[in-house]
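> Sharing a structure here in structure tokens format.
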Amino acid sequence: MNILKLDDLYFKPYIHKDEITRIVKKLAHQVKADMPKDEIPVFVGILNGCFLFAADFIREYKGNCEVSFVKLASYQGTTSTEKVKHLVGINEDLTGRTVIILEDIIDTGSTLQEIYNIFKDKNVKKLKVVSLFFKPDVYRKELPIDYIGKSIADKFIVGYGLDYNGLGRNYASIYQLSTKPKMKNIVLFGPPGAGKGTQATFLKDMYNLVHISTGDVFRFNIKNATELGLLAKEYMDQGDLVPDEVTINMLKAEVEKNADANGFIFDGFPRTQSQAEALDAFLADKGEQINGMIALEVPEDILVTRLLERGKTSGRTDDTDESKIRNRFNEYNTKTSILKNYFADQDKYYGINGVGSIKEITERIAEVFDAL
């Protein structure tokens, strides 16, 4: 879940689609459990917002039922108005029937009042209301709401049928109103020998960013015996991989230490999709996001030559053995292909030609960076 821009406003993640699925399933099962045996209810969805909720709810309802809809328009912009402007009713004879209203959200209760007015003269046997979301802080009516999926604070939300000026209904998760992101954050990627560290130094100075290198962060925490450093060392001493959670918490601490930064260059992180998802979630909670993954692309044979040359002076044993170098590339390519797809699916992957002078490569990166 990333930051959304809808028209002139920004929205950050609030309720994940998986939680919504659990809520809808629970509501459908509750309603079915309370329904007398062999009774066929009429579910009435309130359009436009409830169409996704109604569809998922009815699929989860394990029994016979009928479905209809009414349309009520009571929203303008980000605030709820008291006056319902438009109504399309239903034509079925509901005499003696149990009618169950499906609402996406109930806030002030004005729409709910209109619903009760609609059904007042229809001689229904019973009228019940199911609301996916409910805002108790602003509810001003004394009308009963029989089933509530989740009570939420008075936030303006979009997604899963809810909109802002007609936009946002199609998103599977729920997003809340936020501020415009202030940071520019990139993930800098490249195979061993691509010159990632050199370029990170230039970008850091050019754009006044904070460079977060996973290797540097690990070394700092271990050297200074921080709580996370000691935990990471335990795993490393036993020959185990450091769990994602420990690595992510180290990175979070670095971000928190630089809360006023213009943005971050994440170098060597994320390395897996789960790490990328955790980074996205962490930044999104702050109303920020990864703007792009910039990957330096260099043919492998050129890199092997570079590293073998570097190995003559670097003192690194893994730069002197070609088979070990090739193994490092295999590991990089396996992980990068996953992350490449992850960021490409968000239109955030930028492959940069990493062959040329340092200045030429920096200019190529800057061209992409300026356009983000």
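> With only Lys, Arg, Asp and Glu charged, each at its Cβ (+1 for the first two, -1 for the last two), find how big the charge dipole of the range 209-274 is about the Cα centre; round to the nearest 20 debye.
160 debye
> With the crude spin-label approximation of a point 7 Å out along Cα→Cβ, what separation in nm comes out for Lys340 versus Tyr116?
Here the modelled spin labels are 6.0 nm apart.
> Using a 1.4 Å probe on the protein chains only, how many percent of the accessible area of the range 100-162 belongs to carbon and sulfur?
C and S atoms contribute 41 percent here.
> Right, next: Could you work out [θ]222 nm for the chain from helices alone, using -39500 (n - 2.57) per DSSP H run of at least four and dividing by all its residues? Round to the nearest 500 deg cm²/dmol.
Mean residue ellipticity, 222 nm, calculated: -13000 deg cm²/dmol.
> Of the beta bridges DSSP finds with both residues in the chain, what % are antiparallel, to the nearest 5?
Numbers: 17 of 55 bridges.
Given both bridge residues lie in the chain, the antiparallel proportion sits at roughly 30 percent.
> Continuing with this model, one more query. Relative contact order for the chain: what is it in percent, counting Cα pairs under 8 Å that are at least 6 residues apart?
Working: 624 pairs, mean separation 60.4, N = 372.
Result for the chain is 16 percent.
> Which trypsin sites (Lys or Arg not before Pro) in the range 313-372 sit in a loop by DSSP (not H, G, I, E or B) and have at most 14 other Cβ atoms within 10 Å of their own Cβ?
Answer in residue order: Arg316.
> Whole number in Å², please: accessible area per residue of the chain, 1.4 Å probe, ligands, DNA and RNA not counted.
Details: 18860 Å² over 372 residues.
Computed with neighbouring chains in place, this is 51 Å² per residue.
> Now, a different point. Given a Förster distance of 41 angstrom, what is the FRET efficiency for Gln273 paired with Ile40, based on the Cβ-Cβ distance and rounded to 0.05?
My answer for the efficiency is 0.35.
> For Lys182, which lysines qualify as cross-link partners when the Cα separation must be under 24 Å and same-chain residues fewer than eight apart are set aside?
Here the lysines satisfying the reach criterion relative to Lys182 are Lys5, Lys12, Lys155, Lys204, Lys252, Lys257, Lys286, Lys348.
> Using modelled backbone amide H atoms (1.01 Å from N, in-plane), which distant-in-sequence or interchain residues come within less than 5 Å of Gly190's amide H?
Counting only residues 5 or more places away or on other chains, the set is Leu296.
> Treating only the Cβ atoms of Lys and Arg (+1) and Asp and Glu (-1) as charged, compute the dipole magnitude of the range 83-221 about its Cα centre; round to the nearest 20 debye.
200 debye
> For the range 252-372, calculate the relative contact order in percent as a whole number, restricting contacts to Cα pairs under 8 Å that are 6 or more residues apart.
With pairs under 8 Å counted, the relative contact order is 30 percent.
> For percent of Cα pairs over 41 Å apart, one of (i) 34; (ii) 7; (iii) 13 was computed from the structure I shared and the rest are decoys. Which label?
Computed from these coordinates, percent of Cα pairs over 41 Å apart corresponds to label (i).
> In addition: Give me, ordered by chain and number, the residues 5 or more places off Val129 or on other chains with an amide H under 5 Å from its own placed amide H.
Ile101, Asp146, Tyr147
> Ordering Val242, Val255 by how much accessible area each has at a 1.4 Å probe, largest first, what is the list?
On the way: Val242 30, Val255 5 Å².
The ranking, largest first, comes out as Val242, Val255.
> Further, regarding this structure: Residues with amide H under 5 Å of His211's amide H, sequence separation 5 or more or different chain, H placed in the peptide plane at 1.01 Å from N; which?
Amide H neighbours of His211: Ile265.
> Sort 117-123, 294-300 for me by packing, meaning the mean count of neighbouring Cβ atoms within 10 Å per residue, highest on top.
Highest-to-lowest ranking by the protection proxy: 294-300, 117-123.
> Across the range 142-148, in residue order, what do the Karplus-derived ³J(HN,Hα) couplings come to in whole Hz, using 6.51 cos²θ - 1.76 cosθ + 1.60 with θ = phi - 60° and x for Gly and Pro?
10, 7, x, 10, 6, 9, 10
> For the range 142-229, what does the relative contact order come out to in percent, with C-alpha contacts under 8 Å and a separation of six or more?
Relative CO of the range 142-229 lands at 13 percent.
> Considering only Pro41, Leu27, Asn2, whose Cα is most displaced toward the positive end of the charge dipole of the range 1-43, charges sitting on Cβ of Lys, Arg (+1) and Asp, Glu (-1)?
So the residue we want is Asn2.
> Can you compute the charge dipole magnitude of the chain about its Cα centre, using +1 on each Lys and Arg Cβ and -1 on each Asp and Glu Cβ, nothing else charged? Give it in debye, rounded to the nearest 20. Kindly include the intermediate steps, with their values, before the conclusion.
Numbers: 49 positive and 54 negative charges, 124 e Å.
The dipole of the chain has a size of about 600 debye.
> How large, in percent, is the carbon and sulfur part of the accessible surface of the range 224-372 at a probe radius of 1.4 Å?
Reported share for carbon and sulfur atoms: 48 percent.
> Obtain the nm distance between the two label points defined at Lys233 and Lys25 by a simple spin-label model: each point lies 7 Å from its Cα along the Cα-to-C-beta direction.
In this crude spin-label approximation the distance works out to 4.4 nm.
> If you don't mind, another one. Could you please state, rounded to a whole Å, how far the C-alpha centre of the range 145-198 is from the C-alpha centre of the range 212-226?
Between the Cα centres of the range 145-198 and the range 212-226 lies a distance of 30 Å.
> Give, in nm to one decimal, the length gained when the segment between Glu60 and Leu177 is fully stretched (0.36 nm per residue of separation minus the Cα-Cα distance).
Full-extension gain reported as 39.1 nm.
> Can you list which of the DSSP-assigned H helices in the chain have a Cα extent of 27 Å or more along the long axis and an average Kyte-Doolittle score of at least 0.5? If you can, show how the numbers build up before the last one.
Details: long enough: 322-344 (31 Å, -1.18).
What comes out of the filter, once short or polar helices are dropped, is none.
The values are calculated or read from the model by the stated rules, or taken from the named source; none is laboratory data. From a predicted model like this one, the values you see are computed outputs, not experimental measurements. Cβ sites come from the backbone with ideal geometry, for glycine too, and all protein chains shown count toward neighbours. Only protein heavy atoms, including side chains, enter the accessible area calculation; ligands, DNA and RNA are left aside. Shrake-Rupley method; radii C 1.70, N 1.55, O 1.52, S 1.80 Å.
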